[in-house]
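One structure is given here, and the rest of the page talks about it.
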Amino acid sequence: MGRLLRRFWHPVALSSDVLPGHAVPVEALGETFTLFRGESGTPYLVGGRCRHRQTLLHTGWVQGEKIRCIYHGWQFDGSGRCVQRPAEKEARVPPGCRIPGHPVHEYCGMVFAYLGEGEAPAFELPRKDVFEVPGVLIAVTKETWRINWFQQIENSLDAVHVSFVHQALRVGPFGDAVTTMMPDLSYVENEAGIEQIAVRAHDNVRKSDWTFPNNNHVVVPGLRKGDPWIDFGIWMVPKDDERSTRFTIYAMAPADDDANERFRAYFREFGGYNADEHYDELFHQRKAPPEEDFLAGLISAQDYVAQRGQGVVADRRLEMLGKSDLGVVTLRRVFWRELDALREGRPTKHWRKRAEPLSLPMQPGRQRDDSPASTAATAS
């Protein structure tokens, strides 16, 4: 699985995690890396340990566009090449004296990295048109959960869970939109991933735009009736087999000053919620996030309880699936197909950004301008 995932771009940090002239450790795909930002503001991702005596490199310091190890002062550039060994008498650094270096790309307040071999693919698949609308308001969050990443992406392709998991403490516009009606389900594989369609009534159609291998894009009601709906894209990136990081971009089309400030203020106050830090409250005290945190925090807490309740790594040998699990089955078949091709040396699918945006419909009465004529949000 790791070989497959390394063929794609993944978020590894929020842009705000690392300031110019500083370095931080990041974990992804079973490895530890050093993310540092040069004094110019350019981010770099290199191996987690110094080539010399294997101490953690982020404990050193940034000089210009290079990072120096705290132990013996070896210095590395942004590609991972060692450029200086102060205690060695010969001036020339051997060509093989280097640590891994990985391409990075900043997008919407996140640092993405390509952790595979060879040339990185163009940074296209993670992009969504709604995140690039002029004037769009963007908020980003990060959570670390002690849950295997794959059961989280299975949840993304499970439309039925919305009618149960998100029933608890239905507050705010999102809570008002949740219904217990059972959907008719369909799943369509496309060039970027899987389109999920859940029809509960002629005027209640929910779609999600799932992008291979680990991103889900949905649209939810705004913070108040009449506010623009909010698009969010969430990546579930494995740290290792038992831990994962959830990176989320929230995007709202520009509106009036009150709605814009409401969006900013909400994420200033509640954007740091991490459900895993509230395990005891959620499982033993049955205590939810504050009622005011009815979007990011509550949705996160609800999903966390359902998925962590499966176990840190779900034992799928004990499952009894039904027809309503079509999305989960579809997802697993796609991954098995790709993994089989990789194992047998055959080409995997060429996943690419959709040529045309996918329309994610909204329920009547909750459109961007709150008028019956506005019935869809455009998202790629």
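We did not get these values from a lab; they are worked out from the coordinates using the rules stated. Note that the structure is a prediction, hence the values are computed from the model and not measured. In this analysis, Cβ positions are derived from the backbone assuming ideal geometry, glycine residues included, and neighbour counts consider all displayed protein chains.
Listed values, structure above:
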{"read-out": "Helix 257-270 vs. the chain, principal-axis angle (Cα, 0 to 90°, nearest 10)", "value": "60 degrees"}
{"read-out": "Which of W229, L358, L157, positive extreme of dipole for the chain (C-beta unit charges)", "value": "L157"}
{"read-out": "Degrees, to the nearest 10: 296-308 long Cα axis against longest axis of the chain", "value": "80 degrees"}
{"read-out": "Trypsin sites (Lys or Arg not before Pro) within the stretch 260-291, DSSP loop, no more than 13 other Cβ atoms inside 10 Å", "value": "R286, K287"}
{"read-out": "Coil-residue trypsin sites (Lys or Arg not before Pro) of the stretch 1-69, DSSP, other Cβ within 10 Å capped at 10", "value": "R53"}
{"read-out": "Alpha carbon centroid spacing (whole Å) that separates the stretch 123-166 from the stretch 185-247", "value": "6 Å"}
{"read-out": "Helical contribution to [θ] at 222 nm, DSSP H n ≥ 4, -39,500 (n - 2.57), averaged over the chain, rounded to 500", "value": "-5500 deg cm²/dmol"}
{"read-out": "Local net charge near P290, Cβ-Cβ under 13 Å (Lys/Arg +1, Asp/Glu -1)", "value": "-4"}
{"read-out": "Cα centroid separation - the stretch 260-322 against the stretch 1-72, whole Å", "value": "29 Å"}
{"read-out": "In the stretch 238-305, the GluC sites (Glu not before Pro) that fall in loop regions by DSSP, at most 12 other Cβ within 10 Å", "value": "E291"}
{"read-out": "Links that overshoot a 32 Å alpha carbon limit, given the list K66/K89; K225/K287; K225/K349; K142/K207; K66/K349", "value": "K225/K349; K66/K349"}
{"read-out": "Total formal charge among the other residues, if their Cβ is under 14 angstrom from that of P94, Lys/Arg +1 and Asp/Glu -1", "value": "+4"}
